[in-house]
Structure formats: structure tokens, C-alpha cells
1. Does the range 87-96 include one or more residues that are of a type in the set (A, V, I, L, M, F, W, C), open to solvent by less than 30 Å² (accessible area, probe 1.4 Å), closer than 19 Å to Phe179 by Cβ and at pLDDT below 85?
2. Going through Ser163, Ser125, Ser129 one at a time, which residue ends up being out of contact with any strand residue (DSSP E or B) (no Cβ under 6 Å at 6 or more places or on another chain), modelled with pLDDT of 75 or more and open to solvent by 80 Å² or more (accessible area, probe 1.4 Å)?
3. Determine whether Ser193 is surrounded by 11 or more Cβ atoms within 10 Å (Cβ to Cβ) and modelled with pLDDT under 85.
4. Would you check if Leu101 is modelled with pLDDT of 90 or more, under 30 Å from Ala204 (Cβ atoms) and either surrounded by fewer than 20 Cβ atoms within 10 Å (Cβ to Cβ) or of a type outside the set (Gly, Ala, Ser) (or both)?
5. Exactly one of (1) aliphatic (A, V, I, L, M); (2) within 29 Å of the chain's Cα centre (by Cα); (3) at pLDDT below 85 is unmet by Val209. Its number?
Amino acid sequence: VSQPLFLYTFCFGCFVLGSSIIPLSIDDSTTSVSGASKACMAFPWLVSIGFTTTFAALFSKIWRVVRVMKSSMAMRRVEVKYTDVLGPFVVLLTMNVVLLLVWTILDPMKYERTYSPQTLESVGSCQSSGNVWKYCVSFIFVINFIAIIAANVLAYKGRNIGSDFVESKWIMLCTASIFQVMLIGAPLMALVSENVVASYFVSAILVFVIGESILLFIFLPKLYETKTRTGSSKSSKNVKISMPSVTPSTRERKSAFPSSRDSVEQRESGAQLKDSVVQGEAELGGE
């Protein structure tokens, strides 16, 4: 079942997540150092809020369906409203926002350009002066990683639910792809943290893969199903029941070759007519 509220949330979350690539591409050559510093902190905010919004909607969707199916198997009627599934979204978003606020207030990232006298080159990057950002990033990663594991568990429990009721298979593939991206992306980000160009490339690819995997796994099956049902409904409308038509030649053949019932009736009427003629002649001869 496709709930419009969840689909709108997916689109909004993926839009916010994808827009995080814009501040990631800003440096002091396109704006001032102050503007570049604001772009440094805008990137984790957009990534965290976009991912949390999208993933919370995904988690709430599969949790809602699994809850309804369990109640139906137990022969109990249950009504799950949209407000009942907002709990995971509110909790996950609140924890991410609190950690981001602590990071922004206590140890914000600032854009700094360092010059190398050996190579006579300069490199600009976002740097934090303290160690608070490390704890904040670690907690944000752990919280979202645990949420991903919980979503994969729910998707596995709902794997046998028919596709007519929920896209359980596609949701499971979506959550599994996000889990795989985070499992591979975290070590990669740690390895290329000293290389600014490689770090930018890996970050942009990770954001793109997460957003596109969610959109493709959620919306492509719906588009295919809509197209398939539209084609089947058109073909069913074009089906016509053909009845055998009676042509004049058929009528003539039927009249030229009467049925056996008609021939028997004709013989009986002919015999009765012959008997009446014979009886009439006998009466005339007796007079």
C-alpha cells in the first residue's frame, strides 16, 4: 500500500540529502572565508536531517505494515494512524539535532587554508579546533547505524508479506543497500580524511548512492506496476465476444435440407391426406 505521506517524506528527505553536495563544493574561491565556514557546518546538518527524515519514513512505513500484519494473523483488528508511527521519526530526528547543536556551539568547523613551503601549494579544508566534533560524529553514526539494523530486522520479518499490500522486498533491498553503503563508506572516509580531493569525491558519491538507492527502490516498482496494470486494463477492454452470425446462405441451406423432425412430420401429414382421398373415392363408388 502506497501512503502518500511517506512518499512525500521520501522525496523531501532525498532532496535535503542531495542538496548537501552544494555546500560541500564551496570554498574561499567562490565566497568569503566566513561563508566557506558556514558551508562547512551546513554539510553535516543537511546530511543528517535529510538522511534522518528519509530513513525515519522508511522505518515507520515497514514498522506500520509489520504491525498490521501481525494483528491480522492474530485475528485482531488494529488501526495504525500516521501519528502512531511518528515516534521513531521524532526520536531519531531529535537525537541528531541535539548532537548537531552541541557540535555547532562547542566546536564548529571553520574553513582554513594551509600553505606548503615545500610544494608552494595551498589546500583549503574544514577544520575543528577541539575534539568535541569527533564524539558528536561518532554518536550520530552509531545512532543511525543502530536504526538501520533495526529497519533491516523489521524488513526481514515482513519479507513474506505479499507485494499487493506492501513493497516489503523493495524496502528490504533499500535498507540493505543503505547498511552496505554505511558499512563500506565509514572506513573509506577515515582512510581519505587527509586527502581533500579524495574526501570530497567519496563524500559526494556516498550521498548520491544513498539518495538514489532510496528513490529507485521505492518509486521504480510503483511506476512499473502502474504501467503494467494500465496495459492489462486496456487489453481487457479491447477483448470482444464473437458470436456466430447467421448469413442468408446459411438460412437457404437450412431450408433446402430440413431436419429429420420436419421430414417425419411431413410424411405423417402426407399419409393422412392419402387415407382421406382413398376414403372419399370409396364413398363415391358405393353411391
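1. Taking the range 87-96 as the starting set, the residues that turn out to be of a type in the set (A, V, I, L, M, F, W, C) are 89-93, 95.
From the residues that got through so far, the ones that are open to solvent by less than 30 Å² (accessible area, probe 1.4 Å) too are 92.
When the remaining residues are screened for being closer than 19 Å to Phe179 by Cβ, the result is 92.
From the residues that got through so far, the ones that are at pLDDT below 85 too are none.
No, that holds for no residue.
2. Numbers: Ser163 fails: modelled with pLDDT of 75 or more; Ser125 fails: open to solvent by 80 Å² or more (accessible area, probe 1.4 Å).
Just one listed residue meets the conditions, Ser129.
3. Numbers: surrounded by 11 or more Cβ atoms within 10 Å (Cβ to Cβ): yes; modelled with pLDDT under 85: yes.
Yes.
4. Working: modelled with pLDDT of 90 or more: yes; under 30 Å from Ala204 (Cβ atoms): yes; either surrounded by fewer than 20 Cβ atoms within 10 Å (Cβ to Cβ) or of a type outside the set (Gly, Ala, Ser) (or both): yes.
Yes.
5. Evaluating Val209 over (1) aliphatic (A, V, I, L, M); (2) within 29 Å of the chain's Cα centre (by Cα); (3) at pLDDT below 85 leaves (3) as the failure.
Condition check ((1) open to solvent by 70 Å² or more (accessible area, probe 1.4 Å); (2) at pLDDT below 85; (3) polar (S, T, N, Q)) across all residues:
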site	(1), (2), (3)
Cys11	no, no, no
Gly18	no, no, no
Asp28	no, yes, no
Pro44	no, no, no
Gly50	no, no, no
Phe55	no, yes, no
Ser60	no, yes, yes
Arg76	yes, yes, no
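The values are calculated or read from the model by the stated rules, or taken from the named source; none is laboratory data. Keep in mind the model is a prediction, meaning the values are calculated, not measured. Neighbour counts are summed over all protein chains in view; Cβ atoms, including those assigned to glycine, are modelled from backbone coordinates with ideal geometry. Accessible surface areas use protein heavy atoms only, side chains included; no ligands, DNA or RNA. Shrake-Rupley method; radii C 1.70, N 1.55, O 1.52, S 1.80 Å.
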